[in-house]
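Single-structure report; data block below.
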Amino acid sequence: MKQAKMKHLSHFKEELTEVWDEFILQGRIKNDKGARKQLRAEILHSWYRCLDYKVNPLAEANTNILNLAEFNRKLEKNSELLDICLPTMQGIYKFVAGSGFSVKIADREGYVLKIIGDPEAVARIRLANFREGVKWDERSGGTTAIGLVLAIDKPIQVRAAEHYCRNSHALTCSAAPIHDPNTGEIIGALSMTGTVDKVHPHTLGIVVAAVDSIEKQMALCRSLQTAQMSRARRSSQQMVGAGARVHFDDLIGKEAQFKEAVELGKTAAETDCNVLLLGESGAGKDMLAQAIHNASSHRTQPFVALNCAAIPRELLASELFGYVEGAFTGAKKGGNAGKFELADGGTLFLDEIGEMPLDMQTSLLRVLEEKAVVRVGGWEVTPVDVRIIAATNKDLKLEMSRGNFRQDLYYRLNVMAMYLPPLRERKVDIPILAASLMRSISSRLGKRVEIIQPEVLEIFLNYDWPGNIRELQNVIERSAYLAADNSITLQSLPPEMRSLGPKPVEQRDTRLALESMEEATILSYMTKFQGNLTQVASKLGISRSTLYRKLKKYKISDFSGK
């Protein structure tokens, strides 16, 4: 029985060699050859491809090999594949140890990443340079099991002279493609190689079963990893304040430039375009950014903010893009996700973008163009879907002329720009902003502060507010702590403001400012007296009919202060 099998194998090898010789010499095979029946269509088609690729069939060895640095990068890039495949490969080797077989794993490009086998088996295949770091796709190594499965995406066994290059004619190789469980794309190939006299169909069956196990293990690991990662990401998002609390209804103001910015913000919220917010520090750019996010299709996803001016230059890259374990001294074990990964699916708000160093601007531009990040110290590319809202208090056109800001990044960010005026240019809005802040702050403090005295509002209207809304909020909070008789008075103001004293408002702002003061006062009394119109009218010294007209004028329909 064994002798008959050997005789048949010998005859098969001879016929294949005849066919191979004819193809190499003439570039074709005559249909009347008996051995033509022995040649499978997949093999013949591969030979024709190798002919087109101008692969040398008489080459003694494959010379397409990575240097050490390139090979290490390959190992890093395919770390997930290797981690899952190695236990399976070791299990196969234990099963065939001593039989002269070797087990190999290659990546999607055909580069051999790992070989396990008997020393003599590994030494034998090294004669053709079949070793780690060598590329065995059809263009580099001709028709081999690894190259063929990567080309046709199905398991196959290649025997003897079926190999296009003579350096592999003494071998039999069985391989199967490994697919990504999420995308279905080929991510590698597993193969077993031995001498041609050991050819057996069961070898291919072992490889196919092993690949099935590998793909299932990878799917399970991905599922578990997604569930650790989801919890970790939620926790991280909470830690960095990955949430937007402000809505467009919270943006109070009647000043023309402010209203224009809000309307533009509402338009931007209906798109996925990048947004650039301009204005002085404290003018409310962060609030507008949150409102845009909350009105957009990303509203259920994270809102992550990063102040580019608050992060040291040497740490900005790791904050934005994350880092891998060991990337630098003090790097967290297991690495750390950056703001882009944390904001995936949502909005990344880059405040003070004008302070970003030029080298980081280049890295940011690349991420915006490729929609993917690479962690500091790593090689793995992570796709990210992030909407960018940037803000600055600088004149970026001036910074470009000085060489401090990249022109291409400016135009990438400035798809839709809006300007928020400083508070000193929003005199009409100051009383109603002050009243709104008073209500929210007093509610947070658990203290009833319901009235801002008219002389205080006059000082507010004449003050320049260099810190803008942020400074107004600070003053109101301080005054709320010191307020007596449930009202903010001159005595509760900071000394530097109190010393200013009431001054006439500029003529052009007088009517609007007075109306705004009146509206704020009515809102305060409506809140204090819980909508009792008789008490409100009495306190204001006007009739109920006059109060009705003013409520209609200012569109006050309830007593919530909105």
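What to note about this one:
- Each principal axis of the Cα cloud of the chain was taken in turn, and the coordinate range along them, longest first, works out to 120, 47, 47 Å.
- Sites matching trypsin sites (Lys or Arg not before Pro) across segment 378-474 that sit in DSSP coil, with at most 16 neighbouring C-beta atoms within 10 Å: 394, 402, 447, 448
- Links that overshoot a 21 Å alpha carbon limit, given the list 135/216; 259/371; 114/333; 285/339; 259/555: 135/216; 259/371; 114/333
- In whole percents, the pair-distance distribution calculated for segment 58-211 from its alpha-carbon pairs, binned every 10 Å from zero, is 12, 46, 36, 6, 0.
- Rg/Rh (Cα only; Kirkwood hydrodynamic radius) as it applies to segment 348-388: 0.97
- Counted residue by residue at 0.36 nm each, then reduced by the alpha carbon distance between them, the extension gain from residue 222 to residue 538 reaches 106.8 nm.
- Look at the alpha carbon pairs under 8 Å that are at least 6 residues apart: their mean separation over the length of the chain gives a relative contact order of 10 percent.
- Acute angle (nearest 10 degrees) that the helix 468-482 long axis makes with the longest principal axis of the chain, alpha-carbon atoms: 60 degrees
- Sorting 343-351, 298-306, 534-542 by their mean Cβ neighbour count within 10 Å, with the most densely packed peptide first, gives 343-351, 298-306, 534-542.
- Ordering 435, 376, 390 by the projection of their Cα atoms onto the charge dipole of the chain, which places +1 on the Cβ of Lys and Arg and -1 on the Cβ of Asp and Glu, puts 435 at the extreme positive end.
- Remark: segment 317-367 projects, on average over all directions, an area of 4.2 nm² (convex hull of Cα atoms).
- Surface share of carbon and sulfur [accessible, 1.4 angstrom probe, percent] for the chain: 50 percent
- Debye-formula intensities of segment 357-467, expressed as log10 I(q)/I(0) at q = 0.17, 0.20, 0.21 Å⁻¹, are -0.89, -1.05, -1.12 (one equal scatterer per alpha-carbon, no solvent).
The values are calculated or read from the model by the stated rules, or taken from the named source; none is laboratory data. Since we're looking at a predicted model, the values are computed, not measured. Heads up, the Cβs are rebuilt from the backbone with ideal geometry, glycines too, and the neighbour counts pull from every protein chain shown. Ligands, DNA and RNA are stripped out before the accessible areas are found, and what is left, the full protein with its side chains, is counted by its heavy atoms. Shrake-Rupley method; radii C 1.70, N 1.55, O 1.52, S 1.80 Å.
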